[in-house]
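The structure appears right after this line, and notes come after that.
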Amino acid sequence: NKVLSRLEKLMKVRGTKPVDYYHKALGHLVWEYIGMSRNEAGLKKAIQEIQSLRKEFWGNVKIPGELNNLNQELEKAGRLADFFDIAELMARDALNRKESCGGHFREESVTEDGEAKRNDEEFAYASVWEYSGEEKEPVLHREPLTFESIKLSQRSYK
């Protein structure tokens, strides 16, 4: 019933912009602000822009066709609605993790040589975000990581 209600809500919008417009706009935000190189200002901007674009999507998306027939645009719209949530959570997680880690470079977290700087004292944990409802802050849950066989160390690509 929840899925059907969501699909009906999408079909009732009857807006002016196609799903692909919003998909490309969201992709641009993710690429520009949440990608491999990121910073606090950009991540905060991404969260605001994603929220704004999501609101516009739910009020102005145009989905041709019908609910009860094969409708690839409706299918894309449903996936895109999920992508908004995922993109916002990615930005929130990256904003929370104030370090350069793995393949992601936090511009404020660099060594004197310009290398990615880890912060294992504060960020040696696995995280998951709990959905709290529409327009509510998600809740961060952390599970500490313990390393018995290896020693955490700063990487150098020089």
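Among the residues of this structure, Lys2 counts as one that is without any contact (Cβ under 8 Å) to a residue 12 or more places away in the chain, more than 24 Å from Ala126 (Cβ to Cβ) and either open to solvent by 20 Å² or more (accessible area, probe 1.4 Å) or small (Gly, Ala, Ser) (or both).
Checked against (1) closer than 30 Å to Met11 by Cβ; (2) without any contact (Cβ under 8 Å) to a residue 60 or more places away in the chain, Met90 passes all but a single condition, namely (2).
Phe83 satisfies every condition listed in (1) part of a helix (DSSP H, G or I); (2) more than 18 Å from the chain's Cα centre (by Cα) except (2). For first residues located in region 10-29 and open to solvent by less than 100 Å² (accessible area, probe 1.4 Å), partners that are among the acidic types (Asp, Glu) and lie 6+ apart or on another chain with Cβ distances below 6 Å form the pairs Val19/Glu73; Leu29/Glu49. Within region 80-110, if we keep just the residues that are basic (Lys, Arg) and crowded, with 18+ Cβ neighbours inside 10 Å, the residue that is modelled with the highest pLDDT turns out to be Arg92.
Just one residue in the set Asn60, Asn69 is modelled with pLDDT of 95 or more and more than 22 Å from Ser132 (Cβ to Cβ); that residue is Asn60. Evaluating Gly133 against the criteria (1) assigned to a loop (DSSP other than H, G, I, E, B); (2) open to solvent by 40 Å² or more (accessible area, probe 1.4 Å); (3) farther than 21 Å from Ile34 by Cβ leaves one unmet condition, (2). In region 1-58, the residue that is farthest from the chain's Cα centre (by Cα) out of those that are hydroxyl-bearing (Ser, Thr, Tyr) and part of a helix (DSSP H, G or I) is Ser5.
None of Asp113, Asp120 is open to solvent by 100 Å² or more (accessible area, probe 1.4 Å), farther than 30 Å from Pro18 by Cβ and either of a type outside the set (Lys, Arg) or without any contact (Cβ under 8 Å) to a residue 24 or more places away in the chain (or both) except Asp113. Close contacts from region 134-152, counting a first residue that is under 19 Å from Ile50 (Cα atoms) and touching a residue at least 24 places away in the same chain (Cβ under 8 Å) and a second that is open to solvent by less than 100 Å² (accessible area, probe 1.4 Å) and of a type in the set (D, E, K, R), with Cβ to Cβ under 8 Å and a gap of 6+ residues or different chains, come to Pro138/Arg92; Pro138/Glu130. Of the listed requirements (1) within 30 Å of Glu8 (Cα to Cα); (2) within 23 Å of the chain's Cα centre (by Cα); (3) among the aliphatic types (A, V, I, L, M), Ala124 misses just one: (1).
The values are calculated or read from the model by the stated rules, or taken from the named source; none is laboratory data. Keep in mind that this is a model prediction, so the values were computed, not measured. All Cβ positions, even for glycine, are placed from backbone atoms using ideal geometry, and neighbour counts span all protein chains on display. Calculation scope for accessible area: heavy atoms of the full protein, side chains included, ligands and nucleic acids excluded. Shrake-Rupley method; radii C 1.70, N 1.55, O 1.52, S 1.80 Å.
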